[in-house]
Amino acid sequence: MTIENDWHPSAPIANLQARARLLAQVRQFFAERKVMEVDTQLLSQAAVSDPFIESFEAIYRPSPEQQGVALYLQTSPEYAMKRLLAAGSGPIYQLGKVFRNGERGRRHNPEFTMLEWYRPGYSANQLMDEVEQLVLQTLQADQIERISYRDLFVKYLALDPHVVPTDILRALCRSRLGVEFEDDSRDTWLELLMSHLIEPQLQQPVFVHSFPSTQAALAQVVTDERGVEVATRFELYMGGVELANGYQELTDADEQARRLQVDQARRQALGLPQRPLEQRLVAALKATMPECSGVALGFDRLLMLALGVDSIDQVIAFPFERA
């Protein structure tokens, strides 16, 4: 399609009107609960450490002839928002653009809209309650089931992901998914099984909680009733896709620093670029970080579910190819 023909939006105007209504509805939801909207920077001197999320790099130059400084477009406002929490902001939310390099498909656009919020004093279960209130109000659904990561794997694959040998996970991926590569990380195989065999079956809304401790990301780790260390992390699935990802947030500065370094080492092992780590976040945690829970929710995906459409292009004005 030529530029002369693709100037128009990919989403119908009616869908963009629905988008405007949902934006207003979300803001009203938080206004009623006295959660403050914040607006943090898009460009940062540090990048996300997650090996499986790639940042966009931008170059800042004080003047055209001077050497540039690398900056990174935010993949999530998480680091900046936690700095605000440590500074005493109280409950906050942000509704805005985030950027992830290399992500383009039916459910992905390199630039998309994320809703992220944090609740000091809330447990992960209390935050799940609030996520449920927002989502049910938006989607007109009845209820959201809750199931542990372990019980999910038992239900769909008849195995306990916390104790099953890595060899069995690898063999299952090869027999069911046809993968041939080598990897010693059990999480690689668990994530493949989750994304390819389990997620597509999660059509009705469901919270999956108590992830393996090795998949904690920035969540706290606790010991469950079986004596197994699990992450106080939850994900919300509906229509076979992940809609939200939440944590009982890590507040230990030393552990935060350790996890950033583990991610950096993993990036190096995978041959990925080394990015500056967010040391200001570590400093904020060391100063004073309240116990809290936080969640990131894909706004575009929520609208897709509300409208019953199957492509992100149908709910955003100008996707990557028309930007």
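The values are calculated or read from the model by the stated rules, or taken from the named source; none is laboratory data. A quick note: this is a predicted structure, and the numbers were derived from the prediction, not measured. In this analysis, Cβ positions are derived from the backbone assuming ideal geometry, glycine residues included, and neighbour counts consider all displayed protein chains.
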Residue tally, condition hydrophobic (A, V, I, L, M, F, W, C) and outside any strand (DSSP E or B), over segment 50-72: 3
Residue tally, condition touching a helix residue (DSSP H, G or I) at 6+ places or on another chain (Cβ under 7 Å) and farther than 14 Å from Ala217 by Cβ, over segment 254-272: 1
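Conditions tested, residue by residue: (1) touching an Asp or Glu at 6+ places or on another chain (Cβ under 6 Å); (2) part of a helix (DSSP H, G or I); (3) aromatic (Phe, Trp, Tyr).
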| position | (1), (2), (3) |
| --- | --- |
| Ser10 | yes, no, no |
| Leu16 | no, yes, no |
| Asp39 | no, no, no |
| Val48 | no, no, no |
Matching residues in segment 222-280 - criterion: being of a type in the set (S, T, N, Q) and within 22 Å of Glu54 (Cβ to Cβ): Asn245, Gln256, Gln261, Gln264, Gln268, Gln274, Gln279
Val230 meets each of (1) in contact with a Leu (Cβ under 8 Å, 6 or more places away or on another chain); (2) part of a strand (DSSP E or B) with one exception, condition (1)
Does segment 292-300 contain any residue that is farther than 17 Å from Leu23 by Cα and at pLDDT below 95? no
Would you check if Glu111 is among the acidic types (Asp, Glu), farther than 17 Å from Ala296 by Cα and touching a residue at least 60 places away in the same chain (Cβ under 8 Å)? no
What are the pairs with Cβ atoms under 7 angstrom where one residue, in segment 257-268, is part of a helix (DSSP H, G or I) and the other, located anywhere, is small (Gly, Ala, Ser)? Sequence gap at least six, or different chains. Leu260/Ser49; Asp263/Ser49; Gln264/Ser49
Are any residues in segment 155-173 in a helix (DSSP H, G or I) and surrounded by 14 or more Cβ atoms within 10 Å (Cβ to Cβ), and if so, which ones? Tyr156, Leu157, Thr166, Leu169, Arg170, Leu172, Cys173
In segment 18-36, which residues are in a loop (DSSP other than H, G, I, E, B) and among the aliphatic types (A, V, I, L, M)? Val35
Test set (1) part of a helix (DSSP H, G or I); (2) among the hydroxyl-bearing types (Ser, Thr, Tyr); (3) under 30 Å from Leu260 (Cα atoms); (4) at pLDDT 95 or above - Thr214 fails condition number: (4)
Going through segment 41-67 in order, the residues found to be surrounded by fewer than 18 Cβ atoms within 10 Å (Cβ to Cβ), more than 26 Å from Met304 (Cα to Cα) and touching a strand residue (DSSP E or B) at 6+ places or on another chain (Cβ under 8 Å) are Leu43, Gln45, Glu57, Ala58, Ile59, Tyr60, Arg61
Flagged in segment 130-144 as over 17 Å from Glu235 (Cβ atoms) and modelled with pLDDT of 95 or more, in numbering order, are Gln133
I need a count of the residues in segment 1-40 that are crowded, with 16+ Cβ neighbours inside 10 Å, without any contact (Cβ under 8 Å) to a residue 60 or more places away in the chain and over 30 Å from Gln268 (Cβ atoms). 1
